[in-house]
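What follows is one structure encoded as structure tokens, with my remarks underneath.
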Amino acid sequence: MSDYTNKLLAEVKAKNPAEPEFHQAVEEIMGSLELVLQRHPEYRSMKILERMVEPERTIIFRVPWVDDQGEVHVNRGYRIEMNSAIGPYKGGIRFHPSVTLGILKFLAFEQVFKNSLTTLPMGGGKGGSDFNPKGRSDNEIMRFCQSFMNELFRHIGPDTDVPAGDIGVGAREIGYMFGQYKRLKNEFTGVLTGKGINWGGSLVRPEATGFGVVYFAQEMLKTKKQTFDGKTVVVSGFGNVAWGAVRKVTELGGKVVTLSGPDGYIYDPDGVKGEKIDYMLKLRSSNKDIVEDYAKEFKVKFVPGKRPWEVKCDVALPCATQNELNEENAKDLVKNGCMCVCEGANMPTTIEGFKVFTDAKILYSPGKASNAGGVATSGLEMTQNSMRLPWSSEEVDKRLHEIMIRIHDTCINTAEKYGTPGSYVNGANIAGFLKVANAMLDQGVV
Ligand code: NDP
Ligand code: 2IT
């Protein structure tokens, strides 16, 4: 990093204390931008980076709700509207007890670059709450979602800010939030994505993030003249993204041997396939938040308190959460012969872990490139909503596949152009940055 980016990073840290994940995301981007800033002094003089690290708007609000026993609870709700240079704010909503302002700022910041890579007109945002859905009844989830929307509705809209799902927010929660928005606004619009098929949702959106990750990994493997056929694949998480990824890997002839949760990981040497993939949906909707039940159901090994990176594999797909793969885990993967790490989660690998992959020269893609299929398909849902015409699943899947191939090629070509061939990190960061930065230059100091 140069004096300029070092100074800027120090300012970001001073101005946003106690937000380590946000600092980490900013540092990773800045690490890729040196040559761009040298070649384009106008980005520096117009303070593009200084503006990009400051959210356009941050909304923080009280979310009071009543549980089934009549007790009142208060959670904190957030929406970070990070950047609208290339389209309305777009990004998921996360319900998890680990949610803080800093976590959502890192996610919103990443989202700006990711959405730019999709080629669709979407700015970046992220929202959520420290609400813990674990052990909550359906009615409690509904009341929480309604209360969350009672405040959020005044800040969002189909041309302003379009939220979607993320950890702890799936079709059920989107349904409750959409219902409440519609009631408050007296408008049926495409204000959220990930909607049900009967009320404006897009086919393939539930599978899209995981499918996209695997389409992207397929392109990475192609650069080494390899395919998924016969490959052993290690997956972390057991939620929405993991589910889609497992389905597509299996369809392409690969074998997924692990899933993980906050309680540990399962090892299934025969592969997670068939009814076992359907069982993942039960696990996810049980609100129990553990993966051990899979081991009991299918009589396979459960390894408590550990992550799956110690298992020998050809390909690793981290699909659970941020910073779930550290330096030591990365060394294990490399030592065991893993040739490709393709991120489904947002920022699952620490900066030290990423350096291990770079030094070992194995294929490694950051989430903002390889998990962009989810938000890209949200963009396709917005298009269908605007046209008031749904597409077939073949049509959506074809577009998703094309978008993932395009993002892959953009990463490769941009990395090459900026002197670091093969670096998906630099390719994604630079290409994502350029589109947004140029739009900001065109629109003046706003
Ligand atoms: P889900 O809620 O469906 O699943 C999340 C999985 O990660 C669960 O297994 C979950 O268990 C585990 N997990 C979450 N937080 C933690 C934690 N702090 N420690 C250990 N395990 C944890 O979420 P998604 O599948 O939607 O999201 C997974 C990742 O993919 C996230 O990083 C998300 O930001 C990213 N992503 C999601 C997209 C989408 O469209 N849904 C699109 C692009 C990226 P638990 O029940 O404990 O949460
Ligand atoms: O991290 C992400 O890209 C998502 N959670 C999906 C966002 C979206 O708007 O579909």
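The stretch between Arg388 and Ala14, if pulled fully straight at 0.36 nm per residue, gains 129.9 nm over its current Cα-Cα span. For the range 1-42 and the range 381-446, what is the separation of their C-alpha centers, rounded to whole Å? With the range 1-42 and the range 381-446 each reduced to a Cα centre, they are spaced 22 Å. Simple spin-label estimate for Tyr4 and Lys222 gives 3.6 nm between the two label positions (7 Å along the Cα-to-Cβ direction from each Cα).
Just how far, in whole angstrom, is the range 97-157 from the range 256-281 if you go by their alpha carbon centroids? Each part's Cα centre sits 27 Å from the other's.
Treating r as the C-beta distance of Tyr267 and Glu27 and R0 as 22 Å, the FRET efficiency rounds to 0.05. Non-local lysine pairs in the range 83-202, meaning eight or more places apart or on different chains, with alpha-carbon distances under 20 Å, amount to 12. In terms of its alpha-carbon gyration tensor, the chain comes out rounded; the largest-to-smallest axis ratio a/c stays below the 1.5 threshold.
Of all DSSP beta bridges confined to the chain, the antiparallel ones make up roughly 60%. Within the chain, the longest run free of GluC sites (Glu not before Pro) that sit in a DSSP loop with at most 13 other Cβ atoms within 10 Å is 188-446.
Look at His408, His73, His40 and count the other Cβ atoms within 10 Å of each Cβ; fewest to most, that gives His73, His40, His408. Between Arg183 and Lys306, the modelled label-to-label distance comes to 4.9 nm, taking each label 7 Å out from Cα in the direction of the beta carbon. Applying 1/(1 + (r/R0)^6) with r as the Cβ-Cβ distance of His401 and Glu42 and R0 = 35 angstrom yields a FRET efficiency of 0.45. For Val169, the residues 5 or more places off, or on other chains, whose built amide H falls under 5 Å of its own are Phe95. Taking amide H as placed 1.01 Å from N in the peptide plane, Thr258 has its amide H under 5 Å from the amide H of Val235, Asp268, each at least 5 places away in sequence or on another chain. Given R0 = 60 Å, the distance between the Cβ atoms of Lys417 and Asn198 translates into a calculated FRET efficiency of 0.85.
Each value in this text was obtained by applying a stated rule to the coordinates, not by laboratory testing. From a predicted model like this one, the values you see are computed outputs, not experimental measurements. We place every Cβ from the backbone using ideal geometry, glycine too, and count neighbours over all the protein chains shown.
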